[in-house]
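Taken together, the values in this text are just the output of simple stated rules run on the coordinates, not laboratory data. It should be emphasised that the depicted structure is a prediction, and the values quoted were computed from it without experimental measurement. Neighbour counts run over all protein chains shown; Cβ positions are idealised from the backbone, glycine included.
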Amino acid sequence: MIDLAPTQQGRDVVLYNLQACEVMGISPPEAQWLHTDFWTQRAHGKPDSGRGEAVIINEPAPMVLRTYCRGGLVRHFSQRRFMYNGLDATRPFRELQLLHTMHKAGLPVPLGLAGRVSRFGLAYEAAILMQQIPRCQEVHQRIQRNAMPNTLWQGMGEVIRRMHDIQVYHHDLNIHNILIDDEDALWLIDFDKCGQKSGHQWKPGNLERLQRSLLKEQAKSASTYYFNDDNWQALLNGYQQPIASSPNSR
Ligand SMILES: Nc1ncnc2c1ncn2[C@@H]1O[C@H](COP(=O)(O)OP(=O)(O)O)[C@@H](O)[C@H]1O
Ligand SMILES: [Mg+2]
């Protein structure tokens, strides 16, 4: 566990991963950076894909702010609220800890910079601020346009295997939550509700979810969606034959 230096700022408790801020070369985030309104009012960032809760920020540093919500197409206020059971059980506390653990293990994940927990009686709302992966797109977007060589599908399998080897379960491993940058490095994102779990029986479920998401997007796609059985086999090969250090370890 890393010390997240919780600091009370009015109604908010702000969590800081100061080590990650240092790695990114930025000073500790200001409390207002943890509020979507701050960025949308200044038009510094634009609300992006996903559930519309992630804001891509470029200045003063490349970051992403994600407000936690309950999933689905959420518009309701109350769906941003969670029962408060202590700071260390909150979404941002857990996700920042997990990102830290994965980063330490050399997994390609964004640095978790800060979190916000705002109390409303027994409930709370929350957000997480993280490093923006530079010059990247979702693998989903990439394969809408171009075929990806099987070496990359294999690399995807390897990265997932490395995540599983440190017992990290991904709650929503879909093709939007794997990013690829302009050097073809793969990145895993979106670790809300994820965590370290013992055993192995849950691991195939993560892969099945990813395959379902690829097939679903393929079925939805009006034009060619560059995904086939051969690609999936390459991914499984990568998963089954992990290598000690892959080009993705940074
Ligand atoms: N660290 C990041 N760097 C670059 N882009 C990101 C990053 N995190 C999220 N995104 C983009 O924003 C989208 C939504 O973010 P995500 O964390 O998956 O939240 P959700 O799926 O809950 O909306 C992602 O699919 C990706 O396109
Ligand atoms: Mg997502």
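The mean sequence distance of close C-alpha pairs (under 8 Å, at least 6 residues apart), as a share of the length of the chain, puts its relative contact order at 19 percent. Dipole of the chain computed with +1 at Lys/Arg Cβ and -1 at Asp/Glu Cβ about the Cα centre; of PRO62, GLN167, LEU107, farthest Cα towards the positive end is GLN167.
Relative to the longest principal axis of the Cα atoms of the chain, helix 150-165 runs at roughly 50 degrees.
Taking Cα centre as origin and charging only the Cβ of basic (Lys, Arg, +1) and acidic (Asp, Glu, -1) residues, the dipole magnitude of the chain rounds to 720 debye.
By how many nm would the segment from ASP88 to SER223 lengthen if fully extended, with 0.36 nm per residue of separation less the alpha-carbon distance?
Working: separation 135, 0.36 × 135 = 48.60 nm, distance 4.56 nm.
Here the answer is 44.0 nm.
The charge dipole of segment 7-131, taken about its Cα centre with unit charges on the Cβ atoms of Lys, Arg (+1), Asp and Glu (-1) only, comes to about 440 debye.
Would you mind classifying segment 7-131 by shape? Square roots of the alpha carbon gyration tensor eigenvalues, ordered a ≥ b ≥ c; an a/c under 1.5 is rounded, otherwise it is prolate if a/b is larger than b/c and oblate if not. Note, shape of segment 7-131 comes out rounded. The angle between the Cα long axis of helix 91-104 and the longest principal axis of the Cα atoms of the chain comes to about 50 degrees, rounded to the nearest 10. Comparing ARG94, ARG116, ARG145 in a Gaussian network model of the chain, where Cα atoms under 10 Å apart are tied by springs, the biggest mean-square fluctuation is seen for ARG145. When each of the peptides 97-105, 195-203 is scored by the mean number of other C-beta atoms lying within 10 Å of its residues, the order from highest to lowest reads 97-105, 195-203. Taking the Cα atoms only, what angle lies between the long axis of helix 229-240 and the longest principal axis of the chain, rounded to 10 degrees? That works out to roughly 70 degrees.
When the chain is treated as a Gaussian network with alpha carbon springs shorter than 10 Å, the biggest mean-square fluctuation among VAL55, VAL23, VAL139 belongs to VAL23.
With charges only on Cβ, +1 for K and R and -1 for D and E, what is the dipole size of segment 179-237 about its Cα centre, in debye, rounded to 20? Don't skip to the answer; put the middle values down first.
On the way: 7 positive and 10 negative charges, 110 e Å.
Approximately 540 debye in magnitude.
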